[in-house]
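Visitor: I am attaching a structure below and will ask some questions about it afterwards.
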Amino acid sequence: MTNSIKEKIVKLRINASGKRIIGYVDLFAKDAGTTHPRISDILNNVEPFLLIREAEDSAGEERGFQAIPKDSLSYVEALDEPENPAWLCKAGERRRITVELREPAATVKGDILVPTDRKLSEVLNDSRRFINVLSAEFVDSVERYRYLAINKSHVVALKA
């Protein structure tokens, strides 16, 4: 009997309660619910913890396997998420936003994709826990990211 469980491992850098952790997440976790899972699918599902393998903190200390409460995540950066099929990305327009985060206290500028059949307010107020920000940059910093997922509960202000 062959093992039919698939793996799609991606490397992430997360900020959890002010600490930076780098590790790997399996996007084909048992409850991903999709044949083409993305980081946002794992972050926005009902499970309360993000499971990270081979975790390493900002001091370079190995942590092995960790289960981190999603509510403690300020933002998540995809370091090497594989490309998804083009049809998986909803058609829409990019809107420039500025997000002020409570923890860590920072301001992020970037773009969010708003489907053509929805308003920006609908995207911000939907049931998902995280906002996907593309071409993100931290104000007053050299930090730039292709993709960040920002926890809505850590947002103090958002300007579009």
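Visitor: Output the residue which, of all residues in the range 111-139 that are in a helix (DSSP H, G or I) and in contact with a Leu (Cβ under 9 Å, 6 or more places away or on another chain), is nearest to LEU101 (Cα to Cα).
Guide: Going through the qualifying residues, I end up with LEU124.
Visitor: Same structure, new question: Hey, among the residues in the range 95-105 that are open to solvent by 20 Å² or more (accessible area, probe 1.4 Å) and assigned to a strand (DSSP E or B), which one's nearest to GLU137 (Cα to Cα)?
Guide: Per the stated criteria, the residue is THR98.
Visitor: Can you name every residue in the range 97-108 that is modelled with pLDDT of 85 or more and over 15 Å from the mean Cα position of the chain (by Cα)? Working first, answer last.
Guide: Quick first cut of the range 97-108, residues modelled with pLDDT of 85 or more only: 97-101, 105-108.
Across the range 97-108, the qualifying residues are ILE97, THR98, GLU100, ALA105, ALA106, THR107.
Visitor: Which residue out of SER121, SER127 is more than 23 Å from ILE22 (Cα to Cα), at pLDDT 85 or above and open to solvent by 80 Å² or more (accessible area, probe 1.4 Å)?
Guide: Checking each option against the conditions leaves just SER127.
Visitor: Could you grab me the full set of residues in the range 126-154 that are among the hydroxyl-bearing types (Ser, Thr, Tyr) and in contact with a Gly (Cβ under 6 Å, 6 or more places away or on another chain)? Write out each step before concluding.
Guide: Of the residues in the range 126-154, the ones among the hydroxyl-bearing types (Ser, Thr, Tyr) are 127, 135, 141, 145, 147, 153.
The answer is SER135, and nothing else.
Visitor: Answer with yes or no whether LEU134 is out of contact with any Pro (no Cβ under 7 Å at 6 or more places or on another chain), surrounded by 15 or more Cβ atoms within 10 Å (Cβ to Cβ), modelled with pLDDT under 90 and farther than 16 Å from ILE22 by Cα.
Guide: Spelling it out, it is not the case that LEU134 is out of contact with any Pro (no Cβ under 7 Å at 6 or more places or on another chain), surrounded by 15 or more Cβ atoms within 10 Å (Cβ to Cβ), modelled with pLDDT under 90 and farther than 16 Å from ILE22 by Cα.
The values are calculated or read from the model by the stated rules, or taken from the named source; none is laboratory data. What you are looking at is a predicted structure, and each value in this text was computed from that prediction instead of being measured. Counting neighbours? That spans all protein chains shown, and the Cβs are built from the backbone with ideal geometry, glycine included. Please note that ligands, DNA and RNA were not included when accessible areas were found on the heavy atoms of the full protein model with its side chains. Shrake-Rupley method; radii C 1.70, N 1.55, O 1.52, S 1.80 Å.
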